[in-house]
Amino acid sequence: MSSFLFINQFYWPDEAATAQLLTDLAEHLVREGHSVTVVCGRGRYACKEKLKAGRHVQNGVQIYRVGGTDIWRWNMAARLLDIATFLSAARTCLRQLPRHDVVIPMSSPPLVARLAIPYCRRHRSSLVYWAQDLYPEIAEKLGAVRNKALLLYLRAKAWSIYRASRCIVVPGRDMAKLLESRKAARGKVCVVPNWADLDAIRATPVRHNTFRSKEGWQKDRVLIYSGNIGPAHDVETMFELVKELQQVVPGFRFVLTGPARRHKPLFARAKKMGIRVTLLEHQPRQSLGDFLGAADAHLVSQKPKVDGLLVPSKFYGAVAAGRPIIFIGSKTGEIGRMVLESQLGAVVESGQASAGIWAAKRAMLAAQEENATVAFIRDWAEHHASKSARLRQFQKILQEELIYTRSHSNR
């Protein structure tokens with residue numbers, strides 16, 4: 001039986017974006033008859049229950065949840081401590097694990113894939129790097145790391161991962177193009193875009209949505225921002241746009257949902273600006289489909305300076321629900337191009353909220369006033385964001401690595 005080993009800080013039951021993607025792929029591979037092991041940590045992004053270290057099985061996946069701290073939500077120093085303790089515990093765990101044919105580290109935390117290199121050399125396993133974002137470039141672009149010597153050191157570590165990898169899987173064409181420009185990664189990059197569960201997320205008419213009825217939003221025009229808001233997101237343009245939308249869209253309501261501790265200051269700011277805003281806790285995955293369908297439109301934001309370094313995964317759930325996207329960012333970036341080329345909503349360029357207000361208004365009104373809009377966007381999602389199609393695409397890449405590994409391990 002073929003065996004796969006994944007490494008990532010977050011995994012089920014946590015619902016961080018990388019945890020959800022990894023859980024989908026790991027359980028799919030088990031259903032296809034493969035042996036799958038996941039090394040993960042105790043850290044939580046969106047899980048209320050405390051996670052215990054130890055070995056257990058979930059839907060056929062062998063989970064090694066290693067020790068370490070779980071306090072990162074409080075401040076940056078605590079988050080760094082969580083990362084350091086996870087890396088130390090994961091390194092110890094990998095030394096004790098038996099051989100797996102293919103090892104697939106993700107990019108959470110940054111450069112965790114470095115742990116897989118000695119394991120693969122020792123066991124003659126194939127290394128497939130699944131990169132959701134690129135470090136240290138993001139840290140440099142956002143000003144989190146300014147020391148040139150440190151940046152050179154981190155860049156060398158990243159390049160060592162590229163050199164050791166047989167294949168590098170990324171979620172977007174822009175990221176693939178950026179990596180292909182680097183000698184260490186050239187010829188190794190495969191694009192597998194992120195996905196949405198089209199069975200769990202239905203594209204129902206806005207007025208028939210049960211979550212909307214429960215919250216009393218039947219007469220509102222609802223713009224939802226779902227998920228984390230961090231340094232990579234253009235908060236200033238977002239608030240300018242939301243304030244102007246409230247002036248031109250009757251019954252406008254802005255809904256923030258995600259980590260409450262991070263969103264409370266944003267909620268307070270919106271209230272101070274006179275914006276009609278609602279703050280909700282993170283919505284569990286089992287009810288996500290109904291929640292996403294409660295919107296008239298979804299807001300997605302990304303600073304142009306990080307184009308090609310990450311792809312917002314929330315985009316795929318929103319289009320699966322058949323709702324227009326209002327994207328704040330570059331028209332030439334990954335999401336901006338898709339929105340404009342496929343007519344999925346509106347793009348408001350950073351710092352230009354006033355210039356984009358009428359396109360954003362049309363997107364806010366489209367799902368209720370233009371009957372074909374929901375079906376059109378959902379059809380796009382079925383062709384470009386299908387979970388089952390993406391999992392099969394990823395599985396094909398891993399099967400090719402299995403053939404390579406077995407042919408070389410027998411020499």
Next item on the list: Please find, among Tyr119, Tyr129, Tyr162, Tyr135, the residue that is modelled with pLDDT under 95, aromatic (Phe, Trp, Tyr) and not assigned by TED's automatic domain parsing to the domain that holds Ser287.
Entry: Tyr135
Notebook entry, point to check: Among the listed residues Glu349, Glu382, which satisfies the condition of being closer than 18 Å to Gln302 by Cα and surrounded by fewer than 21 Cβ atoms within 10 Å (Cβ to Cβ)?
Noted result: Glu349
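If you scan the stretch 193-206, which residues turn out to be crowded, with 19+ Cβ neighbours inside 10 Å and either out of contact with any helix residue (DSSP H, G or I) (no Cβ under 8 Å at 6 or more places or on another chain) or part of a loop (DSSP other than H, G, I, E, B) (or both)?
Once the filter is applied, which keeps residues that are crowded, with 19+ Cβ neighbours inside 10 Å and either out of contact with any helix residue (DSSP H, G or I) (no Cβ under 8 Å at 6 or more places or on another chain) or part of a loop (DSSP other than H, G, I, E, B) (or both), the stretch 193-206 yields Pro193, Asn194, Trp195, Leu198, Ile201, Ala203.
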Check: Across the stretch 357-385, what is the number of residues that are in a helix (DSSP H, G or I), under 22 Å from Leu22 (Cα atoms) and not charged (D, E, K, R)?
Finding: 3
Notebook entry, point to check: If you take the residues in the stretch 14-45 that are among the small types (Gly, Ala, Ser) and buried (at least 19 other Cβ atoms within 10 Å of the Cβ), which one is nearest to Gln58 (Cα to Cα)?
Noted result: Ala26
Notebook entry, point to check: Restricting the search to the stretch 134-175, which residues are of a type outside the set (Asp, Glu), under 18 Å from the mean Cα position of the chain (by Cα), in a helix (DSSP H, G or I) and surrounded by 18 or more Cβ atoms within 10 Å (Cβ to Cβ)?
Noted result: Ile138, Ala139, Met175
Note to self: Step by step: first the residues of the stretch 268-312, then only those that are assigned to a strand (DSSP E or B) and of a type in the set (Ser, Thr, Tyr), then the one that is surrounded by the most Cβ atoms within 10 Å (Cβ to Cβ). Which residue is that?
What the structure shows: Ser301
Notebook entry, point to check: Yes or no: His263 farther than 24 Å from Gln368 by Cα, touching a strand residue (DSSP E or B) at 6+ places or on another chain (Cβ under 6 Å), at pLDDT below 95 and in a loop (DSSP other than H, G, I, E, B)?
Noted result: no
Next item on the list: Give just the number: which of (1) of a type in the set (Phe, Trp, Tyr); (2) modelled with pLDDT under 95; (3) within 30 Å of Pro250 (Cβ to Cβ) does Trp380 not satisfy?
Entry: (2)
Item checked: Among (1) within 25 Å of Glu240 (Cβ to Cβ); (2) part of a helix (DSSP H, G or I); (3) modelled with pLDDT of 95 or more - the single one Ser388 does not satisfy -> (1)
Check: When you look at Val57, is it without any contact (Cβ under 8 Å) to a residue 24 or more places away in the chain and either assigned to a strand (DSSP E or B) or buried (at least 18 other Cβ atoms within 10 Å of the Cβ) (or both), yes or no?
Finding: yes
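In the stretch 90-108, what residues are among the polar types (S, T, N, Q) and part of a loop (DSSP other than H, G, I, E, B)? First the steps, then the outcome.
Of the stretch 90-108, the ones among the polar types (S, T, N, Q) are 92, 96, 107-108.
Within the stretch 90-108, Ser107, Ser108 qualify.
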Checklist line | Hits in the stretch 12-34 (condition: farther than 17 Å from Ser313 by Cβ and among the charged types (D, E, K, R)) | finding: Glu27, Arg31, Glu32
Check: In the stretch 110-131, which residue that is surrounded by 21 or more Cβ atoms within 10 Å (Cβ to Cβ) and outside any helix (DSSP H, G or I) is farthest from the chain's Cα centre (by Cα)?
Finding: Ser125
Check: Filter the stretch 324-340 for residues that are within 19 Å of Trp195 (Cβ to Cβ), of a type outside the set (Phe, Trp, Tyr) and without any contact (Cβ under 8 Å) to a residue 60 or more places away in the chain; which is surrounded by the fewest Cβ atoms within 10 Å (Cβ to Cβ)?
Finding: Arg337
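The values are calculated or read from the model by the stated rules, or taken from the named source; none is laboratory data. Values in this document were obtained by computation on a predicted structure and should not be read as measured data. So basically every Cβ, Gly included, is an ideal-geometry build from the backbone, and we count neighbours across all protein chains shown.
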